[in-house]
Structures are given as structure tokens and as C-alpha cells.
Number of protein chains: 2
Amino acid sequence: MKCKDALVMELTDALPPRADEAAAFLKSLANPHRLLILCALAQGERNVSTLIEETGVAPTSMSQHLSKLKDEGVVDFRRDHRTLTYFIAHPAAVEIMTVLYAHFCAKD
Amino acid sequence: MKCKDALVMELTDALPPRADEAAAFLKSLANPHRLLILCALAQGERNVSTLIEETGVAPTSMSQHLSKLKDEGVVDFRRDHRTLTYFIAHPAAVEIMTVLYAHFCAKD
DNA sequence: TGATCATATCATAAAAATATAAATTGAAAA
DNA sequence: TTTTCAATTTATATTTTTATGATATGATCA
């Protein structure tokens, strides 16, 4: 068997058993509005009203997107008085965004 | 304004205008069968029959998944005799898989 | 040139994702 | 303790995704 690269070998062996989890995680990021939300949160934690203003996503839709991100462990929140402050909870999310930035924005 | 990190700044500024493209790209990867296909292709190019054997994905479904990956530029193929040989065409795909591996497989 | 093999396309049904409007929760201020 | 406000939940319609079976393409071999 031809070994191309140790990382690729490990990846192709180890990832298939986790394909369901990994795909569910990716799917939770794979929406334009959720990427906008995560870009805002990458700058720092935000409450829901601020996220609505900054992204232009409608309130009900925002709740549903945040709920989906929370279910997948991508974000978490804490209660501050009567507002909820959301923040990125999964380091892989920022790493994925960094790859997207490198390939979709930094092409010069 | 508090500057946390130069990369995060660039990312949060530059990614939102590309959110639709970036989300479409992520969506093309965000399926368990397509991740299996890409893990196989990460080891090297494969024809469709081999991909079907290695992944257990049904032929019609395989064609549709490959077509979706091709539409998004993730894979490409060439014709060899009467078989089609597919290969990964977008480096970002392997980078995303590497992030997934690090977070879903290499957690010890 | 007719049969065969690899793969794709078409048609369809079922499941999941998304957006929107209306109703609800629950903490805090009056 | 009633009102208010931030956010969520529910209900519903639309669109998208996925799987499957049947048919079609198109290159090659006999």
C-alpha cells in the first residue's frame, strides 16, 4: 500500500466512524445566516438583540439558528440580567471559519 | 474598539460578504456519505465502482453525491477508458477534514 | 453493429431545513 | 403584583435534501 502522508492516512481511517457526528457539526455551520452569526460572535460575545441588529436576521429565525448551534455545541450562552449572552463554545468552529476565510476571501 | 486578534478581525470583516458561497461550499461537505466519499478520495483518486464498494453508498446515490461535489468544485474527474476517475479538486476540502479529524477523532 | 458495462439522469416520495406570524415564557421594573 | 421586555416556542407553509427504482447514455468489446 502506498503511503502518501501520515495525516491523510490517519484521517481516512479515523474519520469514517465519526462521519455522522462530523457531518452534523458541519451542517450546523453550513448556512449563510449562521455564518454571519458566528462571524459576529468571533469578535466577542453578544446578546440576541445585538446579533439581530448586526446580522439583519429576523428574531424568530435568530432563535432557531442559535438553538441549532447550541444543540450542536457550537455556541453556548449565559444569562445576564434579562438578556442572554451567546458565545462560541467550540474551537473547531473558528478553525473552520479560518479555512473558509483563507479560500474564499484571501485569494489575491 | 478592542482588537483581540488580527486574524479574527480580518475574518469577521471579510467573510460575511462571502457567506453565501462559503455556506454552499460547507453544505456540499456536510453529509455523512459525502464525507465517506471524500475520505476515500483523500487516499487517492478512485473510479465510481471503487467508491461504491469502499463506502457502501448505492450507485444512484453515489452519482448524485458526486454531482453535488462536482458542482461545488470540491471534486473533479477524468475519463479513463470507460470508467470515470474522480479526485479531490479543492484543497479547502482536505483542510476542513483535517479540522474535523482533530476535533472528532484525535481527542484523547 | 450489436451487446455490454460503467455511470448518469429522470421521476418520485419521504424527510429535513428555513422563514414567518402568533402565542408563550420568565426575569425584572414600575 | 401587574406590566414590560428579551427571547423562545409553536404552528405552518415552502423549499431543499436525500434515497430509490426505472430508464438512458455513451464508450468499448465481441
The stretch B:32-104, dipole about Cα centre (Lys/Arg Cβ +1, Asp/Glu Cβ -1), debye to the nearest 20: 180
Percent of beta bridges antiparallel (DSSP, the protein assembly as shown, rounded to nearest 5): 100
Mean Cα-pair separation over length for chain A, i.e. relative contact order, pairs under 8 Å, 6 or more apart, %: 23
Debye intensity ratio in log₁₀ form over the Cα atoms of chain B, taken at each q of 0.24 Å⁻¹: -1.34
With Cα atoms, 0 to 90° folded angle of helix B:32-43 axis to chain B main axis: 80
Two-site label geometry, residue B:106 and residue B:89: point separation in nm, points 7 Å out along Cα→Cβ: 2.9
For residue B:89, inter-copy label distances in nm, listed shortest first [label point 7 Å out on the Cα-Cβ vector]: 3.9
Loop trypsin sites (Lys or Arg not before Pro), the stretch B:37-107, which have at most 12 other Cβ atoms in a 10 Å radius of their Cβ (DSSP): B:82, B:107
Per-copy distances of the residue A:54 label point, shortest first, in nm (7 angstrom along Cα→Cβ): 4.1
For residue B:71, solvent-accessible area (1.4 Å; no DNA, RNA or ligand), Å²: 130
Under the Karplus curve 6.51 cos²θ - 1.76 cosθ + 1.60, θ = phi - 60°, whole-Hz ³J(HN,Hα) for the stretch B:72-82, x wherever Gly or Pro sits: 8, x, 6, 10, 9, 9, 9, 8, 10, 6, 9
Helix-only [θ]222 nm of chain A, DSSP H runs n ≥ 4, -39500 (n - 2.57) each, per residue, nearest 500: -19000 deg cm²/dmol
Alpha-carbon centroid distance for the pair the stretch A:52-108 / the stretch B:8-69, whole angstrom: 22
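The values are calculated or read from the model by the stated rules, or taken from the named source; none is laboratory data. Values in this document were obtained by computation on a predicted structure and should not be read as measured data. Note that we place each Cβ from the backbone using ideal geometry, even for glycine, and neighbour counts take in every protein chain shown. With ligands, DNA and RNA removed, areas are computed over all heavy atoms of the protein, side chains included. Shrake-Rupley method; radii C 1.70, N 1.55, O 1.52, S 1.80 Å.
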